[in-house]
Amino acid sequence: MRPLAEVQAEILAAVPHLGVNRVPLGEALGAVMAESLIARESVPPFANTAMDGYAVRAADTDGASPAAPIRLRVVGELPAGQAPTVAVAAGEAIRIMTGAPMPAGADAIVMVERTERVGDDSVLVQVRAQSGDHVRPVGGDVVSGTTVFDAGTLLGAAHVGVLATLGLSEIAVHARARVGVLSTGDELVEGPRRLAPGQIRDSNRPMLLALLADAGCEPVDLGVARDDEALITRRLERGIERCDAVLTSGGVSVGDYDYVKAALERLGVLRWSQVAIRPAKPLAFGVVDATPIFGLPGNPVSSLVSFELFARPALLQMSGHRVIHRPEVAAIADEPMLRRADGKLHLDRVRVRVDDSGRYRVVRSGTQASNALSAMAAADGLALLPDGPGVEAGDELRVMLLRAANPDH
Ligand code: AMP
Ligand code: MG
């Protein structure tokens, strides 16, 4: 059995980097920037008001207070979206709405709440303004000519907003991986039809397709292949042609019908490992024509854990991600999580919550059998239990978070 870290490192060293695409902003979410972005415009593009109120000359408001307001003559009104046509001269003010450009002559805004309008053409200012009050300067957000985002930035919703504000309609990003998913097994059937004796439904393919979508990849359904070495080889070859990577499930352990291993061997690329982990001990891996193939184990929990540990980091790296691993945190076990020493790292499915002092706390999410997918679905993370007797209630352990801690737990 090989240590987890060694197998992970071998895979990360073997997978290629995908190319660069220009994509419309609508497809940028979750992609990684391939070039750094230099702003060609400033944001905001003009000085404007952050408040509804009056644009004034700050010096005119010297000494103003609620008890001794200062009267200014209102010479105009300026909503957002209009260019100023009149300037503010001494003793004057312009009624102005949030986002409207600062009129010439004015250097401060007095909030409407600090004023009292008298008639059509006068306003009483009850506060002394400082030059710059409530004014958003040109380039206060982004200065033209500066780097906005470095190459390697993972684009979230706010990034998309910044790109739009700078007038960009497309952006150079690392390509998303197109990833095929093939299930193998004579016992597998799909959908609601009645199961014949010995049959089960294919859960891995929909699950792996969903995991890929969640990782920002483009999933490609390669269907189910029967346990037939030549058939599996052909289906793999088709996947290799169409995809940047291929995931299979089943057929990689030491059973007599484990033909994924055999197919990879026939393609001349098999690297088969028994990884010192539980679940997900067997893994077949190989790269054909720069297309990595991940032969994941068949048991659904093993399939998911193997995807998380081996495929997901590799696929993220291929798509230019800088952060490829799930976060790992220290947590307290709320119950004993005992195990037998067997030379493996155990990855127990756990519910994670944060207690009142902000510490992560975990309990097992259900039965730990590697076919029990419901306990996986209930889990927020994988507790990493190193070889040995496990942990007692109250002990600290490491947890790999698959999603945010759940306050309901
Ligand atoms: P194998 O590695 O092919 O021997 O499969 C190990 C276990 O996982 C067996 O119990 C299979 O029936 C089960 N299995 C394999 N593939 C799938 C699948 N796509 N969905 C659900 N269970 C599967
Ligand atoms: Mg099988």
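Quick note: the coordinates plus some simple rules give every number you see, no bench work behind them. Note that the coordinates shown come from a computational prediction; the quantities given were computed from them, not determined experimentally. Positions of Cβ are generated from backbone atoms using ideal geometry, with glycine treated the same way; all protein chains shown enter the neighbour counts.
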With the convex hull built on the alpha-carbon atoms of segment 48-136, volume per residue in Å³ sits at 71 Å³
About its Cα centre, segment 26-116 carries a charge dipole, from +1 on Lys and Arg Cβ atoms and -1 on Asp and Glu Cβ atoms, whose size in debye to the nearest 20 is 240 debye
By the mean-Cβ-within-10 Å protection proxy, highest first, 334-340, 304-310 rank as 304-310, 334-340
Most exposed first, judged by fewest Cβ atoms within 10 angstrom, CYS243, CYS217 run CYS243, CYS217
To the nearest 10 degrees, the tilt of helix 229-242 (Cα long axis) against the first principal axis of the alpha carbons of the chain is 20 degrees
Ranked on Cβ counts within 10 Å of their own Cβ, fewest leading, TYR257, TYR54 go TYR257, TYR54
Rounded to whole angstrom, the alpha-carbon centroid of segment 279-339 lies from that of segment 120-149 at a distance of 51 Å
Under the 7 Å Cα-to-Cβ spin-label approximation, VAL189 and ARG403 lie apart by a distance in nanometres of 3.0 nm
A student applying the Cα gyration tensor rule (rounded when a/c is under 1.5; otherwise prolate if a/b is larger than b/c, oblate if not) would label segment 269-318 oblate
With -39,500 (n - 2.57) per DSSP H segment of 4 or more residues and division by the full residue count of the chain, the 222 nm estimate, nearest 500 deg cm²/dmol, is -5000 deg cm²/dmol
For the chain, the longest principal axis of the Cα atoms and the Cα long axis of helix 204-214 enclose an angle in degrees, to the nearest 10, of 20 degrees
re segment 328-407: pairs of Cα atoms spaced beyond 17 Å account for a percent value of 40 percent
Filtering trypsin sites (Lys or Arg not before Pro) in segment 189-226 by DSSP loop and by at most 12 other Cβ atoms within 10 Å leaves ARG193, ARG194
With Cα coordinates, the longest principal axis of the chain makes an angle with the long axis of helix 4-14, in degrees rounded to 10, of 70 degrees
Residues other than ILE240 with Cβ under 14 Å of its Cβ, Lys/Arg counted +1 and Asp/Glu -1, net out at +2
In terms of the alpha carbon gyration tensor, root eigenvalues a ≥ b ≥ c, rounded if a/c is under 1.5 and otherwise prolate when a/b exceeds b/c or oblate, the chain is prolate
Expressed as a whole-number percentage, the relative contact order of the chain with C-alpha contacts under 8 angstrom and at least six residues apart is 15 percent
Quick calc, segment 156-234, dipole around Cα centre from Cβ unit charges on Lys, Arg (+) and Asp, Glu (-), nearest 20 debye, gives 180 debye
So, relative contact order of segment 68-155 in percent, Cα under 8 Å, 6 or more apart, is 27 percent
At 25 °C and 0.890 mPa s, the Stokes-Einstein diffusion coefficient in µm²/s for segment 363-409, with hydrodynamic radius from the Kirkwood sum on alpha carbon pairs, is 205 µm²/s
Taking VAL399, VAL224 and counting other beta carbon atoms within 10 angstrom, the fewest-first order is VAL224, VAL399
Honestly segment 241-329 on the Cα gyration tensor test (a ≥ b ≥ c root eigenvalues; a/c under 1.5 rounded, otherwise a/b vs b/c for prolate or oblate) is just oblate
Distance in nm between ASP120 and ALA90 label points, each 7 Å along Cα→Cβ, equals 2.7 nm
